[in-house]
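Only one structure is covered here, and it is reproduced in the block below.
The values are calculated or read from the model by the stated rules, or taken from the named source; none is laboratory data. In this text, all values refer to a predicted model and were calculated from it rather than measured experimentally. In this analysis, Cβ positions are derived from the backbone assuming ideal geometry, glycine residues included, and neighbour counts consider all displayed protein chains. SASA here: full protein model, heavy atoms, side chains in, ligands and nucleic acids out. Shrake-Rupley method; radii C 1.70, N 1.55, O 1.52, S 1.80 Å.
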Amino acid sequence: MSSLTEKDRPIVQLLLNAGTCPRCILRFCCVGSQMLYRHPHEDLMKDLQEFLKNNQEKEDSACLGVADPPCKRIRLEAGAEGADGQSHNGAVPQPPSADGGSAAPESSAGRVCNVCLGILQQFCEADFVKKVCQKVNSADYQFTSFVFSVSLPPQLSVRERAAWLGVKQEMRNLGLPLAKDDIVQLKEAYKWIIHPQLSEELGVPADGKSLFEVSVVFAHPETDEECHFLATACPDCFKPAKNKQSVFTRMAVIKALEKIKEEDFLKHFPCPPSSPKKLCDALEIQCNNGAVFVAGRYNKYSRNLPQTPWIIDGERKLESSVEELISEHLMAEFKADSFNFSSSGREDVDVRTLGNGRPFAIELVNPRRIRFTTAEMKRLQQAINDSSDKIQVRDLQLVTREAIGRMKEGEEEKTKTYSALIWTDRAIQREDIAFLDDIKELKLDQKTPLRVLHRRPLAVRCRLIHTMRSEYIDEHHFRLHLKTQAGTYIKEFVHGDFGRTKPNIGSLLNRTADILELDVESVDVDWPPSLAD
């Protein structure tokens, strides 16, 4: 095995004797060749045994005519044993093999690795890769690449620390340096092995930037038992969490390992670690597609339709909403798990949105289908419009997450145009309202309206009425067209909200005024881009 040198021999010998798999041995020998990890487990084991044998033969030939001295490993173990037969770090020494300790014990090839708990053994085999791919294919996702992630049992960090301390001690006894930073991480080695196999089976490349994630969650039944000593040594690191079944999470264990002193660790955990009783379990194989974002503009023609579901104390007040009428079609076509709806402002349940509509965006979470042609998006838009006479959508299109930010950018500085039907208690003539047309940039102080005080903080907001234009209807009614700063409460500007909005139409006309109907005529946000019919 050309990647290993003489300085690696004590590491190989120590870990093979302890029951470590060939791939973990390569990791601790800092071997960075990805191709080498992909060799079959049996071949790697033979190569390591051959490596030790060849080096042993070189030593033998250098000592012709001299009685074979015991190898360093045996001398170290004999010198370190106490009355109970254990070394000072708590590990039970392995008996030397028949050829003088140069090869692994005969049974080590069939053991569960004492470091990776079998992850770099059985879970790298073709049968497991096929199991993962069957799960992916049965989930019926659209994807052109994938990113692979793995969640490991928390005690792997403990076992890796124990193996490293064992190796560190061995190298120190031999006067050789060892840098922990050079050790190949288990996740990295696993991905080196698994990526090509998954790519071949799925027919798409592995890509770290892919939005389609395939993840495997590994668990082990002995996690709590093996990590328990850390909770005693570092109790502050382990806090019960409502959504966690065990306090021994990966991050908590890593935090504890950073705090615990080396001598305390050596007292409580064998170094190298002993062989586990059981193999890891592949608890879950999960797939997840990155969110897809759809944007457009909607018109609302009903005065009995909220923008979002109207539910109070668990009771639905109205049967549908703008959000639901649009999203139910998108959810069905994109085959998503859930969605998040957002828009440029919102109108009350009894307010219509006319003109070119209100910009909206919907985030579709974990969609199975992600590719739609322009023609398919047009058909989807038509399906939404045909399903209800209460709303219509236009400019329906796929957008990026970043593009949605434009909908919210400078929202307070944008303008909106309204049409309000107003009633007055005392009779009016045309000349009584004509002066409203001459008012420009009217400054308002608006306290949070009483009707929204249950969901908005109490504050005084300064808003502008840019322009007004009045249309006389009769002695008690007129229509007022307003162009305002976004965020202006129009209803309160008309009736005054018991003096909470100043000035207001009632105070300007010196009579009681109320609003009968309100329409949004335009939302001046130039997004999303308009599409040709």
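For region 436-518, a Kirkwood hydrodynamic radius built from all Cα pairs, placed in the Stokes-Einstein relation at 20 °C and 1.002 mPa s, yields a translational diffusion coefficient of 163 µm²/s. The candidates Glu376, Glu263, Glu471, arranged from most to least accessible area with a 1.4 Å probe in the full protein assembly, appear as Glu263, Glu471, Glu376. Within region 390-533, the percentage of alpha carbon pairs spaced more than 20 angstrom apart rounds to 54%. Counting protein heavy atoms only, region 292-410 has 46 percent of its accessible area on carbon and sulfur, 1.4 angstrom probe. Computing FRET efficiency as 1/(1 + (r/R0)^6) for Lys261 and Glu6, where r is the C-beta to C-beta distance and R0 is 35 Å, gives about 0.60.
Residue pairs exceeding 31 angstrom between C-alpha atoms, taken from Lys244/Lys408; Lys130/Lys259; Lys239/Lys267; Lys191/Lys335: Lys244/Lys408; Lys130/Lys259. Taking each DSSP H run with n ≥ 4 as -39500 (n - 2.57) and averaging over every residue of the chain yields -10000 deg cm²/dmol at 222 nm. Scalar couplings 3J(HN,Hα) for region 470-477, obtained by applying the Karplus form with A = 6.51, B = -1.76, C = 1.60 to θ = phi - 60°, are 9, 10, 6, 10, 7, 4, 10, 9 Hz; x denotes Gly and Pro. Among the listed options (1) 26.0; (2) 29.5; (3) 27.5, the one matching Kirkwood radius over Cα pairs in Å as calculated from these coordinates is (2). Accessible surface area normalised per residue over region 416-523 is 49 Å², counting heavy atoms of protein chains with a 1.4 Å rolling probe. Net length available on complete extension from Ala434 to Leu450 is 2.7 nm, with 0.36 nm assigned per residue and the Cα-Cα distance removed. With the biggest extent put first, the Cα atoms of region 254-310 measure 74, 28, 22 Å across the principal axes.
Using a simple spin-label model with pseudo-atoms 7 Å out from Cα toward Cβ, Leu174 and Glu409 lie 6.1 nm apart. Among residues other than Thr415 with Cβ under 10 Å from its Cβ, the summed charge is +1 (Lys and Arg +1, Asp and Glu -1).
Rounded, prolate or oblate: pick one for region 292-410, where a ≥ b ≥ c are the square roots of the eigenvalues of its C-alpha gyration tensor, a/c under 1.5 means rounded, and failing that, prolate if a/b is larger than b/c, else oblate. In terms of gyration-tensor shape, rounded.
With a Förster radius of 30 Å applied to the beta-carbon distance between Gln122 and Arg368, the computed FRET efficiency rounds to 0.50. Angle of helix 322-334 to the longest C-alpha principal axis of the chain, folded into 0 to 90 degrees and rounded to 10: 40°.
When both region 412-478 and region 256-295 are represented by their alpha-carbon centers, they are found 62 Å apart. Counting only residues at least eight positions apart within a chain, or on another chain, the lysines with an alpha carbon under 17 Å from that of Lys491 are Lys416, Lys443, Lys447, Lys483, Lys502. For the chain, take the longest principal axis of its alpha carbons; what is the angle in degrees between that and the long axis of helix 223-233, to the nearest 10 within 0 to 90? The answer is roughly 90 degrees.
Dipole magnitude for the chain: computed about the Cα centre from +1 point charges on Lys and Arg Cβ and -1 point charges on Asp and Glu Cβ, it is near 780 debye.
Beta bridges per DSSP, both residues in the chain: antiparallel share near 90 percent. Calculated FRET efficiency, Arg250 and Ala332, Cβ-Cβ r, R0 30 Å, to nearest 0.05? The calculated FRET efficiency here is 0.20.
Counting protein heavy atoms only, region 416-523 has 51 percent of its accessible area on carbon and sulfur, 1.4 angstrom probe.
Quick check: the angle from helix 186-202's long axis to the longest principal axis of the chain, C-alpha only, nearest 10 degrees? Rounded to the nearest ten degrees, it is 70. Assign one of three labels to region 106-189, namely rounded, prolate or oblate, based on the Cα gyration tensor with a ≥ b ≥ c the square roots of its eigenvalues; rounded applies when a/c is under 1.5, prolate when it is not and a/b is larger than b/c, and oblate otherwise. Prolate.
Approximating the spin labels as points 7 Å out from Cα along Cα→Cβ, the Glu225-to-Ile473 distance works out to 8.0 nm.
Distance between the pseudo-spin-label points of Arg394 and Asp533 (7 Å out from Cα toward the beta carbon): 0.9 nm.
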